[in-house]
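J.: The structure that follows is given in the form of structure tokens.
The values are calculated or read from the model by the stated rules, or taken from the named source; none is laboratory data. As the structure is a computational prediction, the values presented were derived from the model and not from experiment. Methodologically, a virtual Cβ is constructed for each residue, glycine included, from the backbone with ideal geometry; neighbour enumeration extends over all protein chains shown. Accessible surface areas use protein heavy atoms only, side chains included; no ligands, DNA or RNA. Shrake-Rupley method; radii C 1.70, N 1.55, O 1.52, S 1.80 Å.
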Amino acid sequence: MTANRILFIVLDGISDRPCPALMNVTPLAAAKKPVLDKLAAESICGIMDTIAPGVRPGSDTAHLALLGYDPYKYYTGRGPLECEGTGIHMEPGMIGFRCNYATVNPQGLVTDRRAGRIHDTAALSQAIQEGVDLSRFGVEFVFRSGAGHRAALALKGEGLSHCVSSNDPKKEGIAPLTVKALRQGAKDDKTAEICNEFVKQSTKILFNHPMNRERLAQGLAPANVVLMRGAGEMGNFEPFNKKYGLSGSVISAASLITGIGRAVGLPHIEVAGATGSQNSNVKGKIEAALNELKTKDFVLLNIKGADESGHDGLAEQKKAFIEKIDVLLEPLLGLEDTVIIICGDHSTPCCIKDHSADPVPVLVRGDGVRMDDVIRYDEYSCAKGGLNRIRGVDILPIALDLINKSHKFGA
Ligand code: ZN
Ligand code: ZN
């Protein structure tokens, strides 16, 4: 028997380094997680450098690699993927930025980089879309609200560049910076000028917007400036279904991950209550993934909570989250006709509160897999597995081969 579909589960930031709070083992090794361990026992296991040994991955570059798109070729910045995540359709060559609504005081200094954690900013974004005019540069733009205080800006036109700086001062008490070209060239200068013009015109619109006047009257921070960063050029992504001959979808609460899915043509399946946090509706996400597999060849499911605990340095919380999702993964044990991959996208060690280059544990379960002796899903056990040590771009080809979708190289 050969399986004919792939369930690819990314436990975001799951792996770690030894934690003093957990008797010097990782949260994954300390957690009681019978389901993940049973899956590991039925799998071939290994460890994986999602980009390369010693390279600290972002979630974006890691997910590109896991989907088989070399991030060194496809990634120039986070902006275009964030744009896709807010629903802006990016064409190759368009320049995308991640944006924040922020607050400046009458002296022009940033007093809140998140504008009082404002949300529901669609009216503000619409006013900017209708009011800002960049036609003298021969450029079109799309500006859309994201979740909370977030937004995204896309520029489309001739002679644009992604090599421009940010206007985000990264600290409060300083005025927004002037966007500058990061290298010498007409395209770079032009793009920086466009960015500064966009900020100037949008600030004017925001200052006079009724929603902000109302916020001021209520003692709330107005969203009166747009901070932009993460400039990147949209790459020419070969669509996933063309590249692999598989239909698929993405389930994730993070707009960056859904944006990557959209960029390669994988639709995002919305799940109520999916927050990307500790309280996320993981049960609903797993149900949605299993449901998608009834009609799709491939589902990428990202579960984010452990990454958050790593960033907060909370080893006990990370362990508890692992134990919580383990119970919810139980339906996977009976899943047939499916290659299951479970891995991390990077380590997020509690001791450094950021991503590290430590390899992530990976398991591959399904018909035809040469099971090894590993019976636990953790960093130490998987390091002894039959997959040994692989890179992120290797994992999907391995799964494709198991479902008989790989191509013979040579005669
Ligand atoms: Zn991540
Ligand atoms: Zn992270």
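J.: When the residues of region 67-83 are filtered to those that are surrounded by fewer than 24 Cβ atoms within 10 Å (Cβ to Cβ) and touching a His at 6+ places or on another chain (Cβ under 8 Å), which remaining residue is nearest to G146 (Cα to Cα)?
T.: G77
J.: Another question, then. Among the residues that make up region 185-198, is at least one of them buried (at least 19 other Cβ atoms within 10 Å of the Cβ) and under 20 Å from R117 (Cα atoms)?
T.: No - not one qualifying residue is present in region 185-198.
J.: Going through region 389-410 one residue at a time, which ones are hydrophobic (A, V, I, L, M, F, W, C) and part of a loop (DSSP other than H, G, I, E, B)?
T.: Once the filter is applied, which keeps residues that are hydrophobic (A, V, I, L, M, F, W, C) and part of a loop (DSSP other than H, G, I, E, B), region 389-410 yields I403, F409.
J.: Those residues that are closer than 25 Å to L328 by Cα, assigned to a loop (DSSP other than H, G, I, E, B) and either open to solvent by less than 10 Å² (accessible area, probe 1.4 Å) or not assigned by TED's automatic domain parsing to the domain that holds L246 (or both), I need them from region 34-66; list them, please.
T.: none
J.: Here are N241, N236, N224: which of them is out of contact with any helix residue (DSSP H, G or I) (no Cβ under 9 Å at 6 or more places or on another chain), polar (S, T, N, Q) and either open to solvent by 30 Å² or more (accessible area, probe 1.4 Å) or modelled with pLDDT of 95 or more (or both)?
T.: It is N241.
J.: For region 122-138, give me each residue that is part of a helix (DSSP H, G or I) and open to solvent by less than 10 Å² (accessible area, probe 1.4 Å).
T.: Those that are part of a helix (DSSP H, G or I) and open to solvent by less than 10 Å² (accessible area, probe 1.4 Å): L124, S125, I128.
J.: Additional query: Residue check: is T275 hydroxyl-bearing (S, T, Y) and open to solvent by 40 Å² or more (accessible area, probe 1.4 Å)?
T.: Taking the combined requirement at face value, the residue satisfies it.
J.: Can you find even one residue in region 292-315 that is more than 30 Å from M1 (Cα to Cα), away from ligand 2 (no atom under 15 Å from the Cβ) and assigned to a helix (DSSP H, G or I)?
T.: Yes, that holds for at least one residue.
Rundown of residues vs (1) open to solvent by less than 50 Å² (accessible area, probe 1.4 Å); (2) more than 25 Å from the chain's Cα centre (by Cα), yes/no style:
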position	(1), (2)
E336	no, yes
C343	yes, no
D354	no, no
P359	yes, no
I375	no, yes
D378	yes, no
V393	no, no
P397	no, no
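J.: Please go through region 84-107 and give me each residue that is within 15 Å of S125 (Cα to Cα), open to solvent by less than 10 Å² (accessible area, probe 1.4 Å) and either part of a loop (DSSP other than H, G, I, E, B) or outside the structural domain of K170 (by TED's automatic domain parsing) (or both), ordered by number.
T.: I88
For every residue, the table says whether it meets (1) within 24 Å of I286 (Cα to Cα); (2) touching a Ser or Thr at 6+ places or on another chain (Cβ under 8 Å); (3) not aromatic (F, W, Y).
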position	(1), (2), (3)
R5	yes, yes, yes
G13	yes, yes, yes
T26	no, yes, yes
D37	yes, no, yes
A40	yes, yes, yes
L66	yes, yes, yes
G77	no, no, yes
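J.: Additional query: Can you find a residue that is open to solvent by 50 Å² or more (accessible area, probe 1.4 Å), closer than 23 Å to I286 by Cα and within 16 Å of ligand 1 (Cβ to nearest atom) anywhere in region 308-321?
T.: yes
J.: Exactly one of these conditions fails for D12: (1) open to solvent by 60 Å² or more (accessible area, probe 1.4 Å); (2) within 16 Å of ligand 1 (Cβ to nearest atom). Give me its number.
T.: Of (1) open to solvent by 60 Å² or more (accessible area, probe 1.4 Å); (2) within 16 Å of ligand 1 (Cβ to nearest atom), only one is false for D12: (1).
J.: Since L266 meets every condition but one in (1) buried (at least 20 other Cβ atoms within 10 Å of the Cβ); (2) at pLDDT 95 or above; (3) not in a loop (DSSP other than H, G, I, E, B), which condition does it not meet?
T.: (3)
J.: Can you name every residue in region 196-234 that is assigned to a loop (DSSP other than H, G, I, E, B) and either more than 17 Å from A152 (Cα to Cα) or more than 29 Å from the chain's Cα centre (by Cα) (or both)?
T.: Within region 196-234, N208, H209, Q218, G219, L220, A221, P222 meet the criteria.
J.: Given the condition in a helix (DSSP H, G or I) and open to solvent by 60 Å² or more (accessible area, probe 1.4 Å), answer yes or no: does some residue in region 111-121 qualify?
T.: Within region 111-121, not a single residue is in a helix (DSSP H, G or I) and open to solvent by 60 Å² or more (accessible area, probe 1.4 Å).
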